[in-house]
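The values are calculated or read from the model by the stated rules, or taken from the named source; none is laboratory data. Computed from a prediction, not measured in an experiment: that's the story for all the values here. Glycine gets a Cβ as well: all are built from the backbone with ideal geometry, and neighbour counts include every protein chain shown. Protein only, heavy atoms only, side chains kept; ligands, DNA and RNA dropped before computing areas. Shrake-Rupley method; radii C 1.70, N 1.55, O 1.52, S 1.80 Å.
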Amino acid sequence: MTNFSFDPLLSLSGFLVGSLVGITGVGGASLMTPLMVLLFGIHPTTAVGTDLLYAAITKMAGTAVHHRHGHIRWRLVGLLALGSIPATAITLWVMSGMDRKSAHSVAILTTSLGIMLMITALILLFRDLLMRYEMQWLKRHSTPSPRTIDAATLLLGIILGVLVTMTSVGAGAIGVTALLFLYPRAKINDIVGSDIAHAIPLTLLGGLGYWMIGDVNWLLLISLLIGSIPGIILGSYAAPKLPEKAVRTTLAIVLVIVALKLITH
């Protein structure tokens, strides 16, 4: 990818992925990163690094909207960032010392990406069932103390910092679902808004870190943004008119197929 030139197909792919993000709310990395790796032959670390900056830019607009409507819990965002920012920095430091172009490193990255996509797909399929189980559990047990919930939120930030920095996947479906378990009585809009707000420093730091170690392609990033920004806007308008559960199930099936392809790649 050192000689990468502008490719309209990448912008088209960005548009399609952006449309699905607007419809389902699932993070673009769940689709964009594997698309770059499998269809366009982009090296996994370049795909991850570029996608992290792509995510940081596209999530800024979403954060502004949620903030305007008061749907961000900034204390929650701070707790997540307290764990994720150091974890991201350490993960980048470890990766900077790796031979990222070796077959062994590529295998680790693609397999990790495949596993994260599989987890995302399962969450999309079974989130409602999991949430019903948790509400039943809460009726029979006492609510954890605020200190315990704060510690769990901090731990979640650490986990997301490592996973997102390695694969660019996890800040969306996985992060939101984990937060719904930790804060079951919170409004869904507050959880989504807080997750998106936290994703900005996480993905921005990760993306800049990859750029510093030479694994970001700026022309590739521009190609994706040209297509994805209109796609996200269009998808957001189309979302209320589409059967959300059917779209989510179809997306989950696609993610399972892609995950299996990456794991056996």
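Quick check on the chain: what are the equivalent-ellipsoid semi-axes from the Cα gyration tensor, as sqrt(5λ), descending, whole Å?
Square roots of five times the eigenvalues give 28, 21, 18 Å.
With all protein chains present, how much of the accessible area of the chain (probe radius 1.4 Å) comes from carbon and sulfur, to the nearest whole percent?
The C+S portion of the solvent-accessible surface of the chain is 71 percent.
How high is the relative contact order of region 31-264? Use alpha-carbon pairs under 8 Å, at least six apart in sequence, and give a whole percent. Present the calculation step by step, with values, prior to reporting the outcome.
Details: 276 pairs, mean separation 99.3, N = 234.
It rounds to 42 percent for region 31-264.
Distance between Cα centroids, region 202-265 to region 90-125: provide it in whole Å.
A separation of 16 Å, based on Cα centres.
Go through region 87-95 residue by residue and turn each phi into a ³J(HN,Hα) via Karplus (6.51, -1.76, 1.60, θ = phi - 60°); whole Hz please, and just put x for glycine and proline.
Whole-Hz 3J(HN,Hα) from phi for region 87-95: 5, 5, 4, 5, 4, 5, 4, 5, 5.
Return one number: the angle in degrees, 0 to 90 and rounded to the nearest 10, between the long axis of the Cα atoms of helix 103-140 and the longest principal axis of the Cα atoms of the chain.
20
Quick one: angle between helix 188-212 and the longest Cα principal axis of the chain, in degrees between 0 and 90, rounded to 10, please.
Rounded to the nearest ten degrees, it is 30.
Let me check I've understood the local charge: for L117, count other residues with C-beta under 15 angstrom from its C-beta, Lys and Arg +1, Asp and Glu -1. What total comes out?
Numbers: positive: R248, K261; negative: D51.
So the surrounding residues net to +1.
Kindly express, to the nearest 10 degrees and within the range 0 to 90, the angle between helix 218-238's C-alpha long axis and the longest C-alpha principal axis of the chain.
40
Between L154 and R185, what is the label-point separation in nm under the 7 Å Cα-to-beta-carbon projection?
2.3
What are the ³J(HN,Hα) values, in whole Hz, obtained from phi via the Karplus relation 6.51 cos²θ - 1.76 cosθ + 1.60 with θ = phi - 60°, for each residue of region 163-178 in sequence order, with x given for Gly and Pro?
Once θ is set to phi - 60°, the couplings for region 163-178 become 5, 5, 5, 6, 10, 6, 10, x, 6, x, 4, 5, x, 5, 4, 4 Hz.
Below 25 Å, Cα to Cα, which lysines can K241 reach? Residues fewer than 8 away in the same chain don't count.
Correct list for K241: K59, K187.
Just to confirm a number: summing +1 for Lys and Arg and -1 for Asp and Glu over residues other than T46 whose beta-carbon lies under 15 angstrom from that of T46, what do you get?
Counting the neighbours of T46, the net charge comes to -2.
Per residue, how much accessible area does the chain show when a 1.4 Å probe rolls over the protein heavy atoms, in square angstrom?
48
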